[in-house]
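*Asks:* Here you go, one structure.
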Amino acid sequence: MHPDSPAKPADFAEYWAEVDTELAGLPIAAEEELLELRSTEYCTTYKVHYTGLDGYRLMAYLSIPKGEGPFPVFLNISNYTSVLQILPQGDAVEKRRRYITFTPGGRGQRNVDKPYRAEFPGFFLDGIDDPSTYIFRAHIADLLRGVDYLLTRPEVDTDRIAAVTKFDLSVFIAALRPAVTHLVAKPVFFYDTVNNASNKTDYPLEEINDYLRSFPEKEAGVRNTLSYFDIRHFAPMIKIPTLLWGNVKMNAPLIDALGGVVETRDTENSFYKDGVFQEKWIARQHGFDGPILPENW
Amino acid sequence: MPLYEIEDACFWLLRTPPEMDLENADMSIERLKQFKPSTTRPDDFEDFWQLTLQDLRALDLNATVQHLALRSTEDVDAYLVHFDSLHGVRVSGLYCVPKHAKHPLPTLVIVPGYLSDPDFQKGWARQGYATLVVRPRGKSGSQDQFDPGYPGLLTHNIVDKYSYGYRGFYSDAVRAVDFLKTRDEVDTQNIFVDGSSQGGALAFVVAAFCLEVKAVSAGVPYLAAHIDNLKFAKTYPYQEIGDYLARYPEREPAVRETLNYFDIINFGPLITCPIIVNIGLQDNTCPPETGYAAYESIASAEKQVYLYDGYGHDGGRLDGHLPIVQEFFKKHWVKPGDQHAS
């Protein structure tokens, strides 16, 4: 790693414990709203509303297979995007015959954007000067709240909850909610962020470069904030089977820090090849003979 | 690497690896050619769009261009652009202009995918292009007056062609070219368009209605033979239509009628500029059969399709296709003083 890679703050555990303390002080207060348009003969779909940090009203998509449960869970953690999807684009809708699918929203995203609407680009930097104001503190708390709601559902098979993303937010969820049993993640943002951004010119990491170019005097503060969010500091808390995407050499410190069985995979630059591999991995982890793939796969 | 590129009615093998299975390659092409879309072209298709474009151009652009110091670098200026579009909806775009290149500049319009949140494309600016990333109505940054959401846009007022969400959405993409034509830094002989997925569809639309566009790259095109896609893969976002028709099966004739006005297969005959299309043969979001049908509909005398076996909705873009796009645009630059070069 880079010599400037962020050390774990001394109060890292307290910082995140405080998030849970604040959440515990608020009722989940869930309301399920049936979505007939998105329900089928094999699953029932809902918009679920519940309360998060500071009393912010959140939203998630929930789909439950019909029939007798419990059912394994496909916990769909969004990428860096305004859009919440019932299922990731391109996933076979038939997956909802087998899995509970749950997509929790974080404040700023669509349907969770009143009063706060995220800007793209811009969301990544909101409040970044201070760990207490950084938007991802609340955003991650919102995702944790979603998992807390999910765990109240009697249909959930608590031995099979896979947190899946093409991004790194699932790492936070797996670390801070031990109920998650399997993890799929790709280090993109919250992995030695400032140093990695300095080698990139594309968004969204370019947001960091934009900010530090304009406000170089703020770099120490930005690095300090991001030290509370570096996924290497969460990795030792994760002791579950993990599929980690990305370059093995670059991810080595992360792989070493993860506590469970880790399978690493670099992309083949093909959504098809990567997608089939990932679906097979999840199905195998959940004890199924094979995945549910789109018909033309 | 592409399996092969097909130009017009001929094809040849591009970079044949020793292990390539030629029999399977031929079968893929045959499979694609066998598909016949259910799309029909309404008799008043061109009249409908003529009237839409007339309504669009009757409005003042009312454009504003705001320099963004935060997003600018030592070599690229970044701007937030707004302009008025169909029915007075105000939409935005993210505009990058290279600082040290000679004006007027070749110019690139980048049109967005269905779910993506557009961002600044400084990389293209560094290659010398003034680059406008359009944010049509409902996209992040353009959602104050129109916001059907996702899922939502694909079926918004889908029983009525006049209020269907894509009437304004397509108009916004065309409007971007109208805006660029007002800019002193833009070389109006060298306007290019690039987009994938929904962006591939929008590239078709802009090529059809903006005859000044020099060349177009349309990747893994969406919005072709909409309902037929569900035969090949039941996945979102096309499943939004599947959900709608499952709930309201009696509306299928009205839905089909509306979609015929927005199906890019019906825009293809209006495209006369050079165009390339890339397709992943295992595309689970925009199945290759419908993308290929869209390609076949193109009237242009200079069109090529690149088929990528073993690739999905990425369409090969992550594994070698992007340089092909870059070279394609460069090849079609009109040099100053040479108005007839291609």
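*Asks:* Would you mind putting B:266-279, A:251-264 in packing order, based on average other-beta-carbon counts within 10 Å, highest first?
*Replies:* Most protected by this proxy first, the peptides run B:266-279, A:251-264.
*Asks:* Related question: Give the Kirkwood hydrodynamic radius (Å, one decimal) of the range B:266-325, defined as one over the mean of 1/r across all pairs of different Cα atoms.
*Replies:* This gives a value of 11.8 Å.
*Asks:* If you don't mind, another one. Using the basic label-point model (7 angstrom from Cα toward the beta carbon), what is the A:Val248 to A:Lys200 distance in nanometres?
*Replies:* The two pseudo-label positions are separated by 2.3 nm.
*Asks:* Could I ask something else about it? Report Rg/Rh for the range A:201-244, rounded to two decimals, where Rg is the Cα radius of gyration and Rh the Kirkwood radius.
*Replies:* Ratio of gyration radius to Kirkwood radius for the range A:201-244: 1.14.
*Asks:* So, one more: Taking the Cα centre of the range B:165-241 as the origin and placing charges on Cβ (Lys, Arg +1; Asp, Glu -1), which of B:Thr235, B:Ala218, B:Ala208 is farthest toward the positive end of the dipole?
*Replies:* After comparing all options, I get B:Thr235.
*Asks:* Once fully extended, how much extra length lies between A:Asp266 and A:Glu41, figured as 0.36 nm per residue of separation less the alpha-carbon to alpha-carbon distance? Each step should come with its number before you reach the end.
*Replies:* Numbers: separation 225, 0.36 × 225 = 81.00 nm, distance 3.77 nm.
Gain on stretching A:Asp266 to A:Glu41: 77.2 nm.
*Asks:* Any idea what the alpha-carbon Rg over 2.2 N^0.38 Å comes to for the range B:193-342?
*Replies:* The value comes to 1.10.
*Asks:* Give the interface area between chains A and B as buried accessible surface, both sides summed, probe 1.4 Å, in Å² to the nearest 100.
*Replies:* Buried surface at the A/B interface: approximately 3700 Å².
*Asks:* Please go through the range B:265-342 and write out the GluC sites (Glu not before Pro) that DSSP classes as loop and that have at most 16 other C-beta atoms within 10 Å.
*Replies:* Counting only loop positions with at most 16 other Cβ atoms within 10 Å, the GluC sites (Glu not before Pro) in the range B:265-342 are B:Glu302.
*Asks:* Assuming R0 = 25 Å, can you tell me the calculated FRET efficiency for the pair A:Asp129 and A:Leu26, based on Cβ-Cβ distance, to the nearest 0.05?
*Replies:* 0.45
*Asks:* Ignoring any ligand, DNA or RNA, what whole percent of the accessible area of the range B:70-175 comes from carbon and sulfur when the probe is 1.4 angstrom?
*Replies:* 48
*Asks:* Taking Cα pairs under 8 Å and at least six residues apart, what relative contact order does the range A:77-194 come out at, in percent?
*Replies:* 22
*Asks:* Sort A:Met59, A:Met250 by heavy-atom solvent-accessible area, probe 1.4 angstrom, most to least.
*Replies:* Reading off the accessible areas and sorting them downward yields A:Met250, A:Met59.
*Asks:* What FRET efficiency do you get for B:Lys36 and B:Lys181 if R0 is 41 Å and r is their Cβ-Cβ distance, rounded to the nearest 0.05? List each step's numbers first, then the result.
*Replies:* Details: r = 38 Å, r/R0 = 0.94.
Working from the Cβ atoms, E equals 0.60.
*Asks:* So, with a 1.4 angstrom probe, what is the percent of accessible area on the range B:246-336 that is carbon and sulfur? Numbers along the way, then the final one.
*Replies:* Working: 1580 of 2950 Å².
C and S fraction of accessible area: 54 percent.
*Asks:* Students often get this wrong: which residues of the range B:100-129 have the backbone nitrogen under 19 Å from the point 7 angstrom along Cα-to-C-beta of B:Leu70?
*Replies:* Hits in the range B:100-129 for B:Leu70 at 19 Å: B:117-122.
*Asks:* Testing the spin-label approximation: label points 7 Å from Cα along Cα→Cβ at A:Lys66 and B:Ala299. State their distance in nm.
*Replies:* 4.9
*Asks:* Relative contact order (percent) for chain B, with alpha-carbon contacts under 8 angstrom and 6 or more residues of separation?
*Replies:* Relative contact order here is 18 percent.
*Asks:* Work out the length of the dipole vector of the protein assembly as shown about its Cα centre, built from +1 on the beta-carbon of each Lys and Arg and -1 on the beta-carbon of each Asp and Glu, and round it to the nearest 20 debye.
*Replies:* It comes to approximately 160 debye.
*Asks:* What FRET efficiency would be calculated for the residue pair A:Glu155, B:Tyr162, taking the C-beta separation as r and a Förster radius of 60 Å, to the nearest 0.05?
*Replies:* 0.85
*Asks:* Given a 1.4 angstrom probe, I'd like the percentage of the accessible area of chain A that is carbon and sulfur, rounded to a whole number.
*Replies:* Answer for chain A: carbon and sulfur cover 51 percent of the accessible area.
*Asks:* Here's another thing I want to ask about it. Relative to the isolated chain, which residues of the range A:254-297 have their accessible area cut by 20 Å² or more in the presence of all protein chains (1.4 Å probe, heavy atoms, no ligands or nucleic acids)?
*Replies:* At a threshold of 20 Å² (probe 1.4 Å), the residues of the range A:254-297 that become less exposed are A:Asn269, A:Ser270, A:Phe271, A:Tyr272, A:Lys273, A:Glu295, A:Asn296, A:Trp297.
*Asks:* Sticking with this one: Quick one: which bits of the range B:259-292 get at least 30 Å² less accessible when the partner protein chains are in, versus the chain alone, with a 1.4 Å probe?
*Replies:* At a threshold of 30 Å² (probe 1.4 Å), the residues of the range B:259-292 that become less exposed are B:Gln282, B:Asn284.
*Asks:* Let me ask you something else. Which number do you get for Rg(Cα) / (2.2 N^0.38 Å) in the protein assembly as shown?
*Replies:* 0.95
*Asks:* At a cut-off of 30 Å², which residues of the range B:99-116 become less accessible once all protein chains are present than in their chain alone, using a 1.4 Å probe?
*Replies:* B:Leu115
*Asks:* Relative contact order of chain A: what whole-number percent is it, with Cα pairs under 8 angstrom and at least 6 residues apart?
*Replies:* Normalised by residue count, the contact order of chain A is 16 percent.
*Asks:* Please grab the % of Cα pairs in chain A that end up more than 36 Å from each other.
*Replies:* When all Cα pairs of chain A are counted, 13 percent exceed 36 Å.
*Asks:* Give me the net charge for the shell around A:Ala118: Cβ to Cβ below 11 angstrom, other residues only, Lys and Arg +1, Asp and Glu -1.
*Replies:* So the environment of A:Ala118 carries a net charge of -1.
*Asks:* Could I ask something else about it? Listed highest first by mean packing, meaning other Cβ atoms within 10 Å per residue, what order do A:32-45, A:93-106 come in?
*Replies:* The most tightly packed comes first, giving A:93-106, A:32-45.
*Asks:* Please list, in chain and number order, the residues 5+ apart from B:Gly310 or on another chain whose amide H is under 5 Å from its amide H, with Hs placed from the backbone.
*Replies:* Here the answer is B:Leu281, B:Gln282, since their amide H atoms fall under 5 Å of that of B:Gly310.
*Asks:* Which whole-angstrom value gives the distance between the alpha carbon centres of the range B:205-219 and the range B:31-98?
*Replies:* Going from one Cα centre to the other spans 12 Å.
*Asks:* How much area per residue is accessible in the protein assembly as shown when the probe is 1.4 Å and only protein heavy atoms are counted (Å²)? Let's see the in-between values first.
*Replies:* Values: 24100 Å² over 639 residues.
About 38 Å² of surface per residue is accessible.
*Asks:* Among B:Lys181, B:Lys231, B:Lys214, which one shows the biggest mean-square fluctuation in a GNM of chain B, springs joining Cα atoms closer than 10 Å?
*Replies:* Of the options given, B:Lys231 has the highest mean-square fluctuation.
*Asks:* I want to make sure I understand the PRE zone here: with the label point 7 angstrom from the Cα of B:Arg251 toward its beta carbon, which residues in the range B:165-185 have backbone N atoms less than 16 Å away?
*Replies:* Once the point is set 7 Å along Cα→Cβ of B:Arg251, B:165-167 turn out to lie under 16 Å by backbone N, inside the range B:165-185.
*Asks:* At 1.4 Å probe size, with no ligands or nucleic acids counted, give the accessible surface of A:Thr201 in Å², nearest ten.
*Replies:* The accessible area comes out at roughly 80 Å².
The values are calculated or read from the model by the stated rules, or taken from the named source; none is laboratory data. Every value quoted in this text rests on a predicted model; they were computed, and no experiment measured them. Virtual Cβ from ideal backbone geometry, glycine too; neighbours counted across all protein chains shown. Each accessible area value is taken on the protein alone, full model and side chains, heavy atoms only, with ligands, DNA and RNA left out. Shrake-Rupley method; radii C 1.70, N 1.55, O 1.52, S 1.80 Å.
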